[in-house]
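*Asks:* Dropping a structure here in structure tokens format, bear with me for questions.
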Amino acid sequence: MDVDASQSDSNYETESDMEISEIVDTTIHIQGQQSKEIPSRILNDFFHVMDRINRTISKRHTLSKQFARAFSDTMFIQDKRDKLEVIAYLEKNGTTFAAKRKSDPEWLWKRIRHYIPEKNILYQIVKELFDCWGSVVCTVTKQPLFSDESWKKARGILHDIQKGWVSDPPNIPMYTDSTKRLSTLVVTLV
């Protein structure tokens, strides 16, 4: 079941609330259904990949927190089916996805599986993220978001992505099946 653009836009208060999973067609890239090729036995964990660049960004930059959130949303693609179930459940209970994300994001992440896509898709979206955000100037300090050190770390992250060291391994479920029912919504416990 696909969500068309007009339907998905209504679930967000602003365009900036739209996630990468709504921009990139992820219907054929559900975790566990990727190629059977294992590019490497080396895997980086997402926290350290994101931390490599986030720690080089000045916390005084007015958009440092927004970049960190955008980077996380870019790295993790939400399972489309889970998200549609959550949206339906929230609408049935008189709220929206955007409102729940602001008030209780942890509730959402327990109910929507997410995964890091295969290396070619991940490289494309992370490179675009870095290109878009890197030169954004702070309104207070007038400095760009990325310093020379940040750009160096960004190139390193893109290298690791190209090698396949960041994506979830294919055909290895990253979630255990420990679910329970909440009304009609399955709760995925990570």
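The values are calculated or read from the model by the stated rules, or taken from the named source; none is laboratory data. Because the structure is predicted, anything quoted here is derived from the model rather than measured. Note that each Cβ is placed from the backbone with ideal geometry, even for glycine, and that neighbours are counted across all protein chains shown.
*Asks:* List pairs: first residue in the range 72-95 and farther than 12 Å from Ile112 by Cβ, second residue among the aromatic types (Phe, Trp, Tyr) anywhere in the structure, Cβ distance under 6 angstrom, at least six positions apart or on different chains.
*Replies:* What qualifies is Met75/Phe46.
*Asks:* Tell me whether the range 168-188 contains one or more residues that are modelled with pLDDT of 95 or more and in contact with a Lys or Arg (Cβ under 9 Å, 6 or more places away or on another chain). Working first, answer last.
*Replies:* Taking the range 168-188 and keeping what is modelled with pLDDT of 95 or more, we get none.
There is no residue in the range 168-188 that is modelled with pLDDT of 95 or more and in contact with a Lys or Arg (Cβ under 9 Å, 6 or more places away or on another chain).
*Asks:* While we're on this one: Here's a check for you: in the range 131-151, which residue that is in a helix (DSSP H, G or I) and touching a residue at least 60 places away in the same chain (Cβ under 8 Å) is surrounded by the fewest Cβ atoms within 10 Å (Cβ to Cβ)? Spell out how you get there, then give the answer.
*Replies:* First, the residues of the range 131-151 that are in a helix (DSSP H, G or I): 131-133, 148-151.
With the extra rule that they be touching a residue at least 60 places away in the same chain (Cβ under 8 Å), the set shrinks to 133, 149-150.
On the way: Trp133: 20, Glu149: 12, Ser150: 22.
It comes out as Glu149.
*Asks:* Please go through the range 92-118 and give me each residue that is within 14 Å of the chain's Cα centre (by Cα) and surrounded by 15 or more Cβ atoms within 10 Å (Cβ to Cβ), ordered by number.
*Replies:* Those that are within 14 Å of the chain's Cα centre (by Cα) and surrounded by 15 or more Cβ atoms within 10 Å (Cβ to Cβ): Arg101, Leu108, Trp109, Ile112, Arg113, His114, Tyr115, Ile116, Pro117, Glu118.
*Asks:* How about the range 66-111: which helices (runs of 4 or more DSSP H) wholly inside it have at least 1 residues that are at pLDDT 90 or above, farther than 26 Å from Phe130 by Cα and of a type in the set (Val, Ile, Thr)?
*Replies:* Working: elements: 80-92, 97-103, 105-109.
Helices (runs of 4 or more DSSP H) meeting the threshold: 80-92.
*Asks:* Would you pick out the residues in the range 52-65 that are surrounded by fewer than 17 Cβ atoms within 10 Å (Cβ to Cβ), without any contact (Cβ under 8 Å) to a residue 24 or more places away in the chain and part of a helix (DSSP H, G or I)?
*Replies:* Listed by number, the list holds a single entry, Lys65.
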